[in-house]
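Shown next, in structure tokens, is the structure this report addresses.
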Amino acid sequence: MALHMYGSNNPLGISSNTEKLAFHPYYTLKDLVGFVVWLIVLAILVFYVPNMLGHADNYIPANPLSTPLSIVPEWYLLPFYAILRAIPNKLGGVVMMIGSLLIFLILPFVHTNKIRTNRFKIINKLLFYIFICNFGVLMILGAYPIEEPYTTISQFSTILYFVYFMATPLIGIIENTLFSINKIDTDTESGILSLTPPGGK
């Protein structure tokens, strides 16, 4: 729905309706090549080296009475696991973890900036890099045990994670105002220059 409402993006943030190509056969064949290459890699892993991406703990017999402390999710789930553990309340942790995934769905609708690309938006670009670094910190913290100072840092990083999404509409309004001021100044300067007679002061 967001793609049909707002369209896709490009580095300059301008409309690219005049440069569109049909999806088939160009991109169909291009995607098919990539699909076949990764299918071959997957087949090699499954049929020839199935233990290459496994973990040694998978061969330890399960004990239903105790859970090993060293077991953590895969690396791509560690940030959300860190958010889950950052909240002392179990229900609150589950709600925050699910919310950290579902909050991505609101981004197309809270985007208030008139310029689509991040190339010209300094504040938004800075906040995005902070968000990426914070996501990496959460990923590292998810692998550490539940003890100080990791718990406190996880709580601070969790707050910072959600602040990014809450600040996005406000930053868009601020940057729209800055762009409007800059446009008025540019228009004023160009108007003054155009009214100045040749050779005049």
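The values are calculated or read from the model by the stated rules, or taken from the named source; none is laboratory data. It should be emphasised that the depicted structure is a prediction, and the values quoted were computed from it without experimental measurement. Cβ placement follows ideal geometry from the backbone for every residue including glycine, while neighbour counts extend to all protein chains displayed.
Screening ILE159 with (1) modelled with pLDDT under 90; (2) within 23 Å of the chain's Cα centre (by Cα); (3) farther than 23 Å from LEU69 by Cα gives one miss only, at (1). Here VAL49 clears all of (1) touching a Phe, Trp or Tyr at 6+ places or on another chain (Cβ under 9 Å); (2) β-branched (Val, Ile, Thr); (3) farther than 30 Å from PHE165 by Cα except the condition numbered (1). In the stretch 116-142, the residue that is surrounded by the fewest Cβ atoms within 10 Å (Cβ to Cβ) out of those that are in contact with a helix residue (DSSP H, G or I) (Cβ under 7 Å, 6 or more places away or on another chain) and farther than 12 Å from ILE83 by Cα is ILE123. The test for being buried (at least 17 other Cβ atoms within 10 Å of the Cβ), assigned by TED's automatic domain parsing to the domain that holds THR177 and under 30 Å from LEU53 (Cα atoms) holds for TYR81. Within this structure, VAL41 passes the test of being surrounded by fewer than 13 Cβ atoms within 10 Å (Cβ to Cβ) and either within 30 Å of ASN176 (Cα to Cα) or out of contact with any strand residue (DSSP E or B) (no Cβ under 7 Å at 6 or more places or on another chain) (or both). LEU84 - would you say it is touching a Gly at 6+ places or on another chain (Cβ under 9 Å) and modelled with pLDDT of 90 or more? Yes; evaluated as a whole, the condition is true for this residue.
Residues are listed down the side, and each one gets a yes or a no for (1) under 28 Å from THR151 (Cα atoms); (2) surrounded by 13 or more Cβ atoms within 10 Å (Cβ to Cβ); (3) of a type in the set (A, V, I, L, M); (4) touching a Gly at 6+ places or on another chain (Cβ under 7 Å):
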residue: GLY34; (1), (2), (3), (4): no, no, no, no
residue: LEU53; (1), (2), (3), (4): no, no, yes, no
residue: LEU77; (1), (2), (3), (4): yes, yes, yes, no
residue: VAL95; (1), (2), (3), (4): yes, yes, yes, no
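When ILE123, ILE83, ILE98 are checked against the criterion of being among the aliphatic types (A, V, I, L, M), under 16 Å from PHE162 (Cβ atoms) and in contact (Cβ under 8 Å) with a residue 12 or more places away in the chain, a single residue qualifies: ILE83.
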